[in-house]
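In what follows, a single structure is set out as structure tokens and then discussed.
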Amino acid sequence: MNKLIKAIFILMLPLFAAPSALGDDRAVDLGLTPSPVYSLWTNINRAVIAYAGVRSNDKEWLKKLNSMEPNKFYNKVPADVLELVDEFSTKLNEVDEDGSIHASDTLLDGKLPNLLLSEDNRVTPSLVYLYSGQVLVNIAGDILHSSTTPIEISPFFVEYGFIGAPKTTSDVFGLVDLALRRLDEIVIRQKNDQLITGGGVQ
């Protein structure tokens, strides 16, 4: 299943990437804007709620988790978002039931050396997108691992179109922060032995 998830994400990349010539001797950015990154974190938030649903039967808690709203942030840059993505990824490892789901199967370890930074080594939305995609792959794997019944993961890999002004880096930061706050609630429940081990039924 991990290979299937990886294939889905890898096939998504050309949908968002602007044309660019890849060089072996320098980093090349994919040319992404914050909007596709926002789309990705919309999916990740949906996946966090789905993960909570396979780890708990507490309907009131799940309803509360689902009703949480993003906070408003201003003047954020991609480096701020990437730092929060890393924090989310670290916390996601805390709820990895057997400690090995994310350990051996990563998309970015040595696979995409030319797609990580801009020419002047600034963090870009493209870099945030790639690492966020790894997060989505990891949490989709957690859902599959934890659920005792078949569960469809393809809805977590859809592209969203947004009406109105394009999304900003601060908008993306707000969604990552929302996902992190939701994950904090799951971690608290796990530490209090309030989560189902080995899966549950949504």
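Computed from the coordinates by the stated procedures, all read-outs in this text should not be read as laboratory data. Here the structure is a predicted model, which means the values were calculated and not measured. Glycine gets a Cβ as well: all are built from the backbone with ideal geometry, and neighbour counts include every protein chain shown.
Using 0.36 nm per residue, how much length does the chain from Ser170 to Asp184 gain when fully extended, once their Cα-Cα distance is taken away?
Length difference between fully extended and current span is 3.0 nm.
Ranked for footprinting exposure by Cβ neighbours inside 10 Å, fewest first, Val37, Val95 give Val95, Val37. Taking other Cβ atoms within 10 Å as a rough exposure proxy, Phe162, Phe156, Phe88 sort from fewest to most as Phe162, Phe156, Phe88.
Gain on full extension, evaluated as 0.36 nm per residue between Asn57 and Ile151 minus their Cα-Cα distance, stands at 32.2 nm.
Dipole size of the range 133-202 about its Cα centre, with +1 on Lys/Arg Cβ and -1 on Asp/Glu Cβ: approximately 100 debye, rounded to the nearest 20. Annotation: for a label point projected 7 angstrom from Cα along Cα→Cβ of Lys91, residues of the range 175-199 with backbone N closer than 16 Å are 175-192. The fewest-to-most ranking of Asp184, Asp193, Asp177, Asp58 by surrounding Cβ atoms within 10 Å reads Asp193, Asp184, Asp58, Asp177.
Assuming a ≥ b ≥ c are the square roots of the Cα gyration tensor eigenvalues, decide whether the range 142-193 counts as rounded (a/c under 1.5), prolate (otherwise, with a/b larger than b/c) or oblate. It is oblate, given that a/c is not under 1.5 and a/b is not larger than b/c. Please give the net charge around Leu84, taking every other residue with its beta carbon less than 10 angstrom from that of Leu84, where Lys and Arg add +1 and Asp and Glu add -1. Cβ neighbours under 10 Å give a net charge of -4. Derived scalar couplings between HN and Hα for the range 158-168 equal 9, 9, 9, x, 10, 7, x, 5, x, 6, 9 Hz in order, rounded to whole Hz, by the Karplus curve 6.51 cos²θ - 1.76 cosθ + 1.60 (θ = phi - 60°), x for Gly and Pro.
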